[in-house]
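Laboratory data are not the source of any read-out in this text; all were calculated from the coordinates shown. Predicted model, so just to flag it, every value in this text is computed and none were measured. Don't worry about glycine lacking a Cβ; one is built from the backbone with ideal geometry, like all the others, and counts go over all protein chains shown.
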Amino acid sequence: MLSYWAVKLLSHFVCLLPHRAAMMIGAGLARLLWPFIPARRKRLAQTQIERCLHVSPAEAARIARESTLRFGPMLMEVLRFPVLRRHIEDYVTITGALDTMRAALAQGKGAII
């Protein structure tokens, strides 16, 4: 239960930050923590990327690193969800969804938007 409240408190402080600042902090944390990721995990990611995308080892290493570093900003986005939810229209545009939903419902079908 303590961890729940710790995350809520952290989320509250992250929500006080401007979006850009939160993303920069997330990116910085990811770069700071990158060296602590076990080498075997990095090798595993690189090997899987090489096999799936048919790229060189250097390119696979770059993709693995960039993909992993993206987790910092993604964490900040999750922690900022209370703010994002209030301003969702600034980030998401839904077009044609109501027409699609009405057509599906008229046919007796369900719809996921």
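Specify whether the C-alpha gyration tensor of segment 2-79 places it in the rounded, prolate or oblate class, a ≥ b ≥ c being the square roots of the eigenvalues: rounded for a/c under 1.5, otherwise prolate if a/b is larger than b/c and oblate if not. Write out the running numbers ahead of the final one.
On the way: a/c = 3.07, a/b = 2.26, b/c = 1.36.
Prolate is the answer for segment 2-79, as a/c is 1.5 or above and a/b outweighs b/c.
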- Task: Using only Cα atoms, tell me the angle between helix 97-106 and the longest principal axis of the chain; keep it within 0 to 90° and round to the nearest 10.
- Result: 50 degrees
- Which shape class applies to segment 48-113: rounded if a/c is under 1.5, otherwise prolate when a/b exceeds b/c and oblate if not, where a ≥ b ≥ c are the square roots of the Cα gyration tensor eigenvalues? oblate
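Under a Cβ-only charge scheme (Lys and Arg +1, Asp and Glu -1), can you give me the dipole magnitude of the chain about the Cα centre, in debye to the nearest 20? Don't skip to the end; give the middle numbers.
Working: 16 positive and 7 negative charges, 84 e Å.
Roughly 400 debye for the chain.
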- Using a Gaussian network model of the chain with C-alpha springs under 10 Å, which one of Ile25, Ile94, Ile37 is most mobile by mean-square fluctuation? Ile94
- Query: Taking the chain as a Gaussian network, Cα atoms linked when under 10 Å apart, which of Ala60, Ala39, Ala21 shows the biggest mean-square fluctuation?
  - Reply: Ala39
- To the nearest 0.05, what FRET efficiency results for Cys15 and Ile112 with a Förster distance of 35 Å applied to their C-beta separation? 0.75
- Task: Any chance you could give the angle, 0 to 90 degrees and rounded to 10, that helix 57-69 forms with the longest Cα principal axis of the chain?
- Result: 60 degrees
- Message: Suppose the chain between Val78 and Leu33 were pulled fully straight at 0.36 nm per residue; how much longer would it get relative to their current alpha carbon spacing?
- Response: 14.4 nm
